[in-house]
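Data first, discussion second: the structure below is written as structure tokens.
The values are calculated or read from the model by the stated rules, or taken from the named source; none is laboratory data. Worth saying up front: this structure is predicted, and the values here are computed from it rather than measured. Glycine also receives a Cβ, built like all others from the backbone with ideal geometry; neighbour counts cover every protein chain displayed. For the accessible areas, the whole protein counts, side chains as well, though only heavy atoms, and no ligand, DNA or RNA atoms are used. Shrake-Rupley method; radii C 1.70, N 1.55, O 1.52, S 1.80 Å.
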Amino acid sequence: MFSNNFSSETIDALSIDCLIFGFRDGILDILLVKHGEGISKGKWALPGGWIQYNESIDDAATRILKSLTGVSDIYLEQLRAFGDTDRYPDKRVITLAYYALVNSDQFELNPGFTASEVKWINIQDVPELPYDHNKILNFGFKYLKHKVR
């Protein structure tokens, strides 16, 4: 029989990635974290992480964003799932992307958990990101432009 007594273990085939667009003074930025450990150590990436068995996907998105960046109390909307078979090295991982558009001046950034740095980067100056994060960012940017229209 199926039990609802899940532990806080992670679902290692399902992740969350957050696209937090920051708008201030007519400039659009994206919130990125620099990985402080793991296979992409030293690289800038979208804030993301693993979903735990004992939490909803919305709660996971909120927890991951806050633990990596210090950003909280924003409305995150689910963008879509990304599941190319080669999007993550060595195993099959599907990610659920969430996004938000915020006034970036309203947030104090604090790197935490596995992030060594966190900062707003102009959307035009985004470096090459690991995994399929550039693809996710491009999709989210197009979606945001469509919603603004």
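Contact map, the range 66-94: residues that are over 23 Å from Gly112 (Cβ atoms) paired with residues that are β-branched (Val, Ile, Thr) and in a loop (DSSP other than H, G, I, E, B), Cβ distance under 7 Å, separation 6+ or inter-chain. Pairs shown: Arg87/Val93; Pro89/Ile39; Arg92/Thr85. Here the range 10-68 is the region considered, the condition is being among the aliphatic types (A, V, I, L, M) and in contact with a Cys (Cβ under 9 Å, 6 or more places away or on another chain), and the residue that is farthest from Asn110 (Cα to Cα) is Ala61.
Residues in the range 104-135 that are touching a strand residue (DSSP E or B) at 6+ places or on another chain (Cβ under 6 Å) and exposed (fewer than 15 other Cβ atoms within 10 Å of the Cβ): Asp105, Ser116, Glu117, Ile121, Asn122, Pro127. Taken together, Ile20, Ile39, Ile74, Ile30 contain a single residue that is part of a loop (DSSP other than H, G, I, E, B), of a type in the set (Val, Ile, Thr) and under 18 Å from Asn134 (Cβ atoms), which is Ile39.
Scanning the range 46-75 for residues that are farther than 20 Å from Ile11 by Cα and surrounded by fewer than 19 Cβ atoms within 10 Å (Cβ to Cβ) yields Gly70, Ser72, Asp73, Ile74, Tyr75. Here's a check for you: in the range 92-103, which residue that is over 18 Å from Leu65 (Cβ atoms) and among the β-branched types (Val, Ile, Thr) is most open to solvent (accessible area, probe 1.4 Å)? The qualifying residue most open to solvent (accessible area, probe 1.4 Å) is Ile94.
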